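The values are calculated or read from the model by the stated rules, or taken from the named source; none is laboratory data. Predicted model only: the values in this text are computed from it and were never measured. Using ideal geometry, Cβ is built from the backbone for each residue, glycine included, and neighbour counts are taken over all protein chains shown. These accessible areas exclude ligands, DNA and RNA; they are computed on the full protein's heavy atoms, side chains included. Shrake-Rupley method; radii C 1.70, N 1.55, O 1.52, S 1.80 Å.
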Amino acid sequence: MLSPIPMERRNSQHASLPGSSTDRMGHGRTKSLGAISFGVGANGGYGGPSSPKPVGSPTVGGGGGGGREYEWADIQARTFCKWLNKQLESQGLDPMVDLVRDFSNGVKLIQEIMSEESLGRYVKKPTMRVQKCENAAKALNFIRGKNIKLTNIGPEDIVDGNLKLILGMIWTLILRFTIASITEEGLSAKDGLLLWCQRKTTPYNPEVDIQNFKSSFADGLALCALIHRHRPELLDYHSLNKSDKRGNTELAFRVAEEKLGIPRLLEVKDLCDVEVPDERSVMTYVAEFFHKFSSEDKAETGARRVEKFAELMQGLWTNKNDFERRMTSLLSSLESTLHSWSLTPQSTTYPEAIAHLSKFNEYKKTTKRGYVKERQELAALYSNIQTKIKTYSLRSWEPVHGLRLEDLEKRWQEFLVVETARSRAINATIRDIKDALRKNFARAAEDFVLRLQEIEQAIGALRGSLPDQKQTLLKLSSIIPSLRTTLTTQISSLNNSCTEAKVEENDYTVLTYDDLEYELSLAEAGVKKKLAFVDNQLVSAQHTNVTPAKLEEFEGTFKHFAYEDSNTLGVWEMHSALASLGIVYAEEEIGIIYTELEQKFGQVTYEAWLDLLVDLTKDDASSPEQLREAFRGMAGDKPYVTDIDFQYAHLPRETVRFLVEVMPEERTPQPLEEGQERPVGEGQKAFDYHAFLEEAFTF
């Protein structure tokens, strides 16, 4: 502000000029200003023939600035003139009406910046150019003496009315006394003023987004927002028609002038009717708002400073309490975890050990990671507290004893030692349990195989009479169920435990559960077969009228077709066995015979089979000669029998398969003689039934 510089109180000689229109604070466009030459048009004038151009009229500057240059010069001239009049009015001096004309003799310029006493004598009513230049020179020298830098302007520029340089000089004064003193959060002058506007209008975003002193003020909303932020009772921002630029701008000008005492340095058209508002003019006007609200801002800044300090102290207090509270909680959690581990009993089974391992692994993924994170965050929190204390030069602070970082670090290292021991103990327990499972299974398997070997050795050592052998076999057979029970319960449980424990190798035995099951089935089958053999021998011994060869044949046939597990024949098995012996019955007959045997013996056992064959052969119906005649009839009087002969005889498949396997093949069959049928065809085989019968019987 220029108020500290005393001004000379003099009546203006331009209180009223013909052709001018102005109020006390206004700037009238006189002929001298209106006749400014901007160097445009064919005749070098501005505004056409109606624009007067008196001799000696001031110029804005040479070149092709055109209408836009005139526009900003006109706006600045009016705005700066009003700003200067505000300074003159504060000194009780008459206002100016035209910058160029009023500054041309240097008197008004002297009145604006200094008193006669501080400057010395000057010509108050100069008439000669040299006097005017002397006045202007005195004023410029005084300004420069105040360390205010003026560029490229001399006394002649003021006397000759160079508007561009005059406006530059006034803008320098405005910067020095109005804008340069503005500071906001470390920024000054233009940047500080812009930041102040942005901070004040933040609640009005996005409608008000001040980025510059040009387009950001073109709709009047920014000015209304500044007023509403500081004095909300003066206008209702939220009820404004945001699209009414002129109305909003006029409202802001009127309220600022009438309610806040801020002079109307601008006109509505200066913001709303131009392509881009003039930055210097807008800054000059907005600076008035800053200075008006500066006292309020100072109080707000002080309150904000107190608020920030309170927030800082409150934050530090909270951080300190949080640190000690969280440190206490973490140390307590570590102690609780250690205590729970100390109370956990040692695992005795694999499921228990695995449960402990799973729980420990889950702890490492959840609880342990929470401990690690909290430990790191406590260190960071402590560092932040110390940084704030150092930054703001506050009293030093340390947590209470037992809750410091070194206390946590010491307890943490002790905790890690126990945790490692816990992990090793669980793994060792699992290894021990697995090894014990291997040993238990191996011991049970070896004992089981030893008992099976005892049965096999007992069968191999059978001696004495057949009844004694049968009694021994029955005793051995009674042991099999208990062995199977042992296998399916005790050994199966051990095997399941090994499987559950993922024991895939066992260095204590090569036996597996499948091996034991297979060997048991072999032992069981061996006992059954041996018992059936002894039974058959007992039955055979009762038939002394049958030759041993016949008995062996009957027994061999029975074993071939009998069910292995029950040592009996079914109806079709009996039919096939009889056919293999050359005894063929129709299906109805074989069914009747089978039923009779079941009724007599309960099942077709070897005893029933032998009884049937003895009965069938009691008349020597199956003598070697009769069998030879039977084969000859089947062969069509040939000395050999062929595949096709078996088919013509309708023998069962099992019988044919058996005969093909046991009968010797005729390699060189003789040609057919008269009366013989069905020669050997291509790809067919011939079998020597004479040799077969000679091998089977003792002649």
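Which angle from 0 to 90°, rounded to the nearest 10, does the C-alpha axis of helix 624-635 make with the longest principal axis of the chain?
50
Return the equivalent ellipsoid semi-axes of the chain as a descending list in whole Å, where each equals the square root of 5 times an eigenvalue of the C-alpha gyration tensor.
So the equivalent ellipsoid measures 136, 41, 20 Å along its semi-axes.
For the chain, take the longest principal axis of its alpha carbons; what is the angle in degrees between that and the long axis of helix 245-259, to the nearest 10 within 0 to 90?
Computed tilt is about 60 degrees.
Once you charge only the Cβ atoms, +1 for Lys and Arg and -1 for Asp and Glu, what is the size of the charge dipole of the chain about its Cα centre, to the nearest 20 debye?
The calculation lands at about 9880 debye.
How much length, in nm to one decimal, is gained on full extension between LEU538 and SER477, taken as 0.36 nm per residue of separation minus their Cα-Cα distance?
Here the segment from LEU538 to SER477 would lengthen by 20.1 nm.
Can you work out the Karplus-derived ³J(HN,Hα) for every residue in the stretch 441-449? Use 6.51 cos²θ - 1.76 cosθ + 1.60 with θ = phi - 60°, whole Hz, and x for glycine or proline.
5, 4, 5, 5, 5, 5, 4, 5, 5
Can you tell me, using C-alpha contacts under 8 Å and at least 6 residues apart, the relative contact order of the chain as a whole percent?
Relative contact order for the chain comes out at 7 percent.
Measuring from a point 7 Å past the Cα of ARG395 along Cα-to-C-beta, which residues in the stretch 319-358 have an amide N at less than 16 Å?
Correct set: 320-321.
Probe radius 1.4 Å, ligands and nucleic acids left out: which of SER576, SER497, SER243 has the largest accessible area, and how do the rest follow?
Ranked list, largest accessible area first: SER243, SER497, SER576.
How large is the accessible surface of CYS197 in square angstrom, using a 1.4 angstrom probe and rounding to the nearest 10?
Number for this one is 0 Å².
Among LEU522, GLN599, LEU578, whose Cα sits farthest toward the positive end of the charge dipole of the chain (+1 at Cβ of Lys/Arg, -1 at Cβ of Asp/Glu, about the Cα centre)?
So the residue we want is LEU522.
Rounded to the nearest 0.05, what FRET efficiency do GLU307 and GLU258 have when you use their Cβ-Cβ distance and R0 = 51 Å?
0.95
Heavy atoms of the protein only, probe of 1.4 Å, neighbouring chains included. What is the accessible area of TYR513 in Å², nearest 10?
Approximately 40 Å² of TYR513 is accessible to the 1.4 Å probe.
Measuring from label point to label point, each 7 Å out along Cα→Cβ, what is the ASP432 to VAL417 span in nm?
Distance between the two pseudo-spin positions: 2.3 nm.
All other residues with a Cβ under 13 Å from the Cβ of ASP535 taken together, and with Lys, Arg as +1 and Asp, Glu as -1, what is their net charge?
Local net charge: +3.
Given the options ILE430, MET169, GLN469, identify the residue whose Cα lies farthest towards the positive end of the charge dipole of the chain (+1 on Cβ of Lys, Arg; -1 on Cβ of Asp, Glu).
The residue sitting most towards the positive pole is MET169.
Mind checking the angle between helix 66-90 and the chain's longest principal axis? C-alpha axes, 0 to 90 degrees, to the nearest 10.
The angle comes out near 70 degrees.
On the first, second and third principal axes, largest extent first, how far apart are the outermost C-alpha atoms of the stretch 200-271 in Å?
Projected onto its principal axes, the Cα set of the stretch 200-271 covers 28, 27, 20 Å.
What FRET efficiency do you get for ASP565 and GLN346 if R0 is 60 Å and r is their Cβ-Cβ distance, rounded to the nearest 0.05?
0.75
Can you give the local net charge around GLY636? Use residues other than it whose beta-carbon is closer than 15 angstrom to its beta-carbon, Lys and Arg +1, Asp and Glu -1.
Local charge sum for GLY636: -4.
In the stretch 479-507, which residues have a backbone nitrogen under 18 Å from the label point lying 7 Å from ALA461's Cα in the Cα-to-Cβ direction?
In the stretch 479-507, the label zone of ALA461 (backbone N under 18 Å from the point 7 Å along Cα→Cβ) covers 479-480.
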